1. Looking at A:VAL242, A:VAL260, A:VAL224, which one is within 13 Å of the ligand (Cβ to nearest atom) and assigned to a loop (DSSP other than H, G, I, E, B)?
2. Could you check, for segment A:278-293, whether at least one of its residues is touching a Phe, Trp or Tyr at 6+ places or on another chain (Cβ under 8 Å), within 26 Å of B:PRO186 (Cα to Cα) and more than 10 Å from every other protein chain (Cβ to nearest Cβ)?
3. Being crowded, with 22+ Cβ neighbours inside 10 Å and either more than 27 Å from the chain's Cα centre (by Cα) or outside the structural domain of A:GLN275 (by TED's automatic domain parsing) (or both) is the filter here, so list the residues in segment A:206-227 that pass it.
4. Taking segment A:245-257, which residues are near the ligand (Cβ under 7 Å from one of its atoms) and either in contact with a strand residue (DSSP E or B) (Cβ under 9 Å, 6 or more places away or on another chain) or charged (D, E, K, R) (or both)?
5. Could you count how many residues in segment A:263-272 are within 12 Å of the ligand (Cβ to nearest atom), within 28 Å of A:LEU156 (Cβ to Cβ) and more than 9 Å from chain B (Cβ to nearest Cβ)?
6. Out of (1) modelled with pLDDT of 95 or more; (2) farther than 21 Å from A:THR109 by Cα; (3) within 14 Å of chain B (Cβ to nearest Cβ), the odd one out for A:GLY138 is which?
7. Go through segment A:270-295 and count every residue that is more than 22 Å from the chain's Cα centre (by Cα) and in a loop (DSSP other than H, G, I, E, B).
8. So B:LYS236 fits all but one of (1) within 12 Å of chain A (Cβ to nearest Cβ); (2) part of a helix (DSSP H, G or I); (3) surrounded by fewer than 16 Cβ atoms within 10 Å (Cβ to Cβ); (4) touching a helix residue (DSSP H, G or I) at 6+ places or on another chain (Cβ under 9 Å); what number is the exception?
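The values are calculated or read from the model by the stated rules, or taken from the named source; none is laboratory data. This structure is a prediction, so every number in the text was calculated from the model and none was measured. A quick note on method: Cβ atoms are made from the backbone with ideal geometry, for glycine too, and the neighbour counts reach across all protein chains shown.
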Amino acid sequence: MTELFVLAEHRRGELRDVTFEMLTKGRELIARADVDLTAVLLGHNVKELAIRLADQVKKVLVVDDARLKDFNEVAYQKVLTHLISERKPVLILIGHTSFGIDLAPSLATKLNVPLATDCIDINFEEKKPIVVRQVYGGKVNIKASLRTSESYIVTLRPATIEAKEVKPIGGEIIEVASPLKEEPTTKRFIEYFEPPAGEVDITAADVLVSVGRGIKDADSMPIVEKLAEALGGAVACSRPIVDKGWLSADRQVGTSGKTVKPKLYLAVGISGAFQHVSGMKNSELVIAINRDAKAPIFRAADFGVVEDLFKVVPILTDRVLQEKKSSK
Amino acid sequence: MEIIVCVKHVPETAEAEIAIDSSGKGIKTEDLVFDINEWDDYAVEEAVLIKEKLGGRVTIVTVGSEDADKTLRKCLAKGADRAIRLTDKAFDGSDAYATAKILYGVIKDLPFDLILTGTQAGDDGYAQVGVILAGFLGIPHATMVKKIELMEGFTRVNRELEGGLEQVMEVGTPALLAVQTGINEPRYVSIMGIRKARQKELKVLGLNDLGLKEEEVGESGSWITVEEMFIPPVEKEAEILVGGLDAISSKIVETLRARGLI
Ligand SMILES: Cc1cc2nc3c(=O)[nH]c(=O)nc-3n(C[C@H](O)[C@H](O)[C@H](O)COP(=O)(O)OP(=O)(O)OC[C@H]3O[C@@H](n4cnc5c(N)ncnc54)[C@H](O)[C@@H]3O)c2cc1C
């Protein structure tokens, strides 16, 4: 029987959430087809991770090799090329993460297997995968088909499919000898680098006023700072604000920044790209201010204000201050 | 140093009204403003910074229509030395894979020590072209690069991982590096600067110049085909507050007070 591979993603001894999201999607896909779901785990001393995966899937292929300990696309690509050529899975699911972005196109090119990246959904229609992707910053979606092939590779956007765990099933763990012959010389993992922590911990704040590119200018930042101060909260931001150097990296919310769950998240001039939304969507109350009524942030908010932030924010700040004064 | 930078001319859509065109597979672009893809702007800056430090030449390559000259001239004004635009009717409908083939068609014959691209394009967001191109060229790559240090025979790069963590890698050169935003501060160029850059070389090549066959590019040479474009279904939509700035502010304050947030 043919297989559907889910490539387990792990870092520093822990499986990443996207692995379980892909397994959930995989389970759904094989329910309608005659295909086995197989988790593929590459790493070193990963027995515990294999056992954890075997709880959730009938078959786990494990390749243990010291050269697979930390993610290195060259080594991973070689091992996967070998596994895929041998077992010819119909579909390989990989996370659209820093790991998948480096690996999937390289693997697809090597194997000459069609690849669709950053998909938010996938289905099989007449044995061919049909994927759904977001384009133009999440304003429109496309449905796309892949060129007919024996195998397909699809990368799934993290934090899009809700991971559902099944009761532990005690699946089979199959060890596969590592096909790696020599140390990869063209690419070497050196170390992890953790940027130093800043003075404000936005993950600990109850109230966050988060500012995006809509603020336009560094000189305008005080208007959001004043609102944050009035609300007794901290200022957070989207990525472009950090890229421009207007706030330090520890203020950034999103996939490459912090994940926050404040009681109030006030998004000001933020469009709501998925990389941003995945870092704030579990906030208790989200209010978004954006002058574009179609901005995706309104799909992640409880309340929306479709106005120019330069008009709303100062008035709102005054009202908050008044309110605090009168309730004293 | 011979550096090649691949760039894309894309519509700015963050604040624009988006409408689906009559084919049902693309958006109407007539009213949109096009500019260099955000990620590519950082790639161009990085290339120019390296050139300013070590000397050499920066070549910009794009696949696009004549409109893309606006982006190419901007890159030349920023300090790139020459530009190549790859244009052909046959290229229409190319996905990331076919686009990488087109780029390969010209780059395989150019000298280079380093190729830079953006991590992804802001319009279709595939994040594939650079890595596929590296595969065709048989050179190593690194994506989501936030720092580049050039050494003898290799480069040491910081790759961005999730949650602020980075991974330091050593990659043999020549290499292809797909850069992430924030790696530098792209310079601005004046209209005067762009006008001056008109003297710099801008070459246009098509299918035949690249030795490609028609079926290798466009939709027939692609891995994926767009079947349909649609406005995403609304699963959850914010309650939009109306009634003027004062009324809106009062409603927000009331909501916050009700929740004990003020
Ligand atoms: C690998 C990767 C990781 C990433 N990680 C992150 C991350 O961790 N966090 C993150 O935030 N992004 C991240 N991004 C970037 C993300 O894709 C978006 O580019 C970014 O979130 C956009 O930021 P923004 O919403 O501030 O800017 P834009 O998308 O430019 O939106 C600006 C918004 O402001 C509105 N606006 C403009 N003027 C006004 C005004 N006067 N009044 C009211 N509204 C106004 C506009 O309508 C628009 O919606 C990542 C991208 C990649 C590829």
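1. None of the other options fit; the residue is A:VAL260.
2. No, segment A:278-293 has no match at all.
3. Once the filter is applied, which keeps residues that are crowded, with 22+ Cβ neighbours inside 10 Å and either more than 27 Å from the chain's Cα centre (by Cα) or outside the structural domain of A:GLN275 (by TED's automatic domain parsing) (or both), segment A:206-227 yields A:VAL224, A:LEU227.
4. A:GLN252, A:VAL253, A:SER256, A:GLY257
5. Number satisfying all stated conditions: 3.
6. With (1) modelled with pLDDT of 95 or more; (2) farther than 21 Å from A:THR109 by Cα; (3) within 14 Å of chain B (Cβ to nearest Cβ) applied to A:GLY138, the lone miss is (1).
7. Residues in segment A:270-295 being more than 22 Å from the chain's Cα centre (by Cα) and in a loop (DSSP other than H, G, I, E, B): 5 in total.
8. (2)
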